[in-house]
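Notes follow the structure.
The values are calculated or read from the model by the stated rules, or taken from the named source; none is laboratory data. Not measured: the values here are computed from a predicted model. Using ideal geometry, Cβ is built from the backbone for each residue, glycine included, and neighbour counts are taken over all protein chains shown. The area values use the complete protein model at the heavy-atom level, side chains included, leaving out ligands, DNA and RNA. Shrake-Rupley method; radii C 1.70, N 1.55, O 1.52, S 1.80 Å.
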Amino acid sequence: MFKFSSFVLLLVLLNTSIGTAFSHTKDNEYHFTVKSGDSLSKYFSKLGLSKRLLANLLSASKQNQQLNQLNIGEKITIRLHTNRHFKSLSHKPHNKKSLEVVLLGTRFTNKSNINQTESRPLSTTTVVIDNSFGYDAQRAGLSLNTINTVVEALSWRLDFNSDLHKGDQFFIISDGSKQPVGIVYKGGNKRIEAFSYAGSHNQSLYYDRYGYTLNSSFLRAPLKYKRISSKFQLKRYHPILKTYHPHRAVDYAAAHGTPVHSTADGMVTLKGWKGALGKAIIIKHGAHYTTVYAHLSKYSPSLRKGKEVKKGQVIGYVGSTGRSTGAHLHYELRYKGTRKNPLSHKLPIQKKISRTELWKFRSQVNKVLASL
């Protein structure tokens, strides 16, 4: 009996103590009235929320820093999801505008900013190809900055020099920001979509509707090789010319006939004989990258100039054509026309929107597509 009475008394004391700290309404919503000695850290602790989460919230914006100095009598409301994870926070100060912070995925944002973004009207500029994209886009009223943005966003999937035909259409969707929120290309049997999204790190990139960036990542090597017979160097003794020359490529020694793969998605711009390089293939990857594969013995039967290739696709076979002393692959990586060391140059990677932010991204995509 004594043990049971003690347990009931303890439970009553706990409930009384918690009740003086905050009131709990339905839907995991907790209301606090600031008292002497209170802090947001104290409230987070009571709800089982981490100090790291609080630090991220406070550093997310200058507005949030007002939560460091709470005054007696002010109101704080914290909302949690059903899994007890943080959802949002409201602060009603005495002499300032109320603040509401929402956690979207891994990023804290102010609700006023969300409302402003969602309420922005969308406008669409249509570019119909009659001459070239640059010329027709300027006639449609697009700025040079927007034109460059469109070209760079779609260049991994579209060759603006060879893919466009009369009557093809571009839809450029804007909400008044510096760059388009959506870009849609329709031409023949091809459709390409790109949607701008800032993500948790506020770095705006273009993604397809599934949340992947349009660029491809790169393979580190285009074939299975025995050894590197010559590295990227500015001064190398040439075994045939008997003199020193720059070697701005990597030579991979491999057996004659070894398959050679495209190191990334791209477009074939050359398939044929190229002087000292012998049988060669040049592939353009997006707006800035180009790769060269040389001294080949033969090409893949399906390979054609102007045709798209995928990362890892077999494009040719190792040989010793051109100015060569033995079977190997001469491989070049060019960035904006300048040859880079394929073994050390930092290559782009394909990025994906995190699962926690994907729902927000998809809602933006639906809004853009609905405006067309």
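Scoring G319 on the criteria (1) farther than 12 Å from P222 by Cα; (2) more than 27 Å from the chain's Cα centre (by Cα); (3) surrounded by fewer than 20 Cβ atoms within 10 Å (Cβ to Cβ); (4) not hydroxyl-bearing (S, T, Y) leaves a single failure, condition (3). Would you be able to say whether some residue in segment 200-213 is within 28 Å of K305 (Cα to Cα), within 20 Å of the chain's Cα centre (by Cα) and among the hydrophobic types (A, V, I, L, M, F, W, C)? No; the residues of segment 200-213 include none that is within 28 Å of K305 (Cα to Cα), within 20 Å of the chain's Cα centre (by Cα) and among the hydrophobic types (A, V, I, L, M, F, W, C). Any chance segment 88-97 includes a residue that's hydrophobic (A, V, I, L, M, F, W, C) and surrounded by fewer than 12 Cβ atoms within 10 Å (Cβ to Cβ)? No, because not a single residue in segment 88-97 is hydrophobic (A, V, I, L, M, F, W, C) and surrounded by fewer than 12 Cβ atoms within 10 Å (Cβ to Cβ). Within segment 103-130, residues that are among the small types (G, A, S) and surrounded by fewer than 13 Cβ atoms within 10 Å (Cβ to Cβ) reach partners that are modelled with pLDDT of 90 or more and not in a helix (DSSP H, G or I) with beta carbons closer than 6 Å, at six or more positions or on different chains, in the pairs S123/S174. Among the residues making up segment 129-150, those that are among the aliphatic types (A, V, I, L, M) and within 28 Å of the chain's Cα centre (by Cα) are A137, L142, L144, I147, V150. When A280 is tested against (1) over 24 Å from V150 (Cβ atoms); (2) open to solvent by 40 Å² or more (accessible area, probe 1.4 Å); (3) of a type in the set (A, V, I, L, M, F, W, C), just one condition goes unmet, and that condition is (2). If the condition is being open to solvent by 80 Å² or more (accessible area, probe 1.4 Å) and over 25 Å from the mean Cα position of the chain (by Cα), then segment 151-173 contributes N161, H165, K166.
Among the residues making up segment 175-196, those that are crowded, with 19+ Cβ neighbours inside 10 Å and not in a loop (DSSP other than H, G, I, E, B) are G182, I183, V184, Y185, E193, A194, F195, S196.
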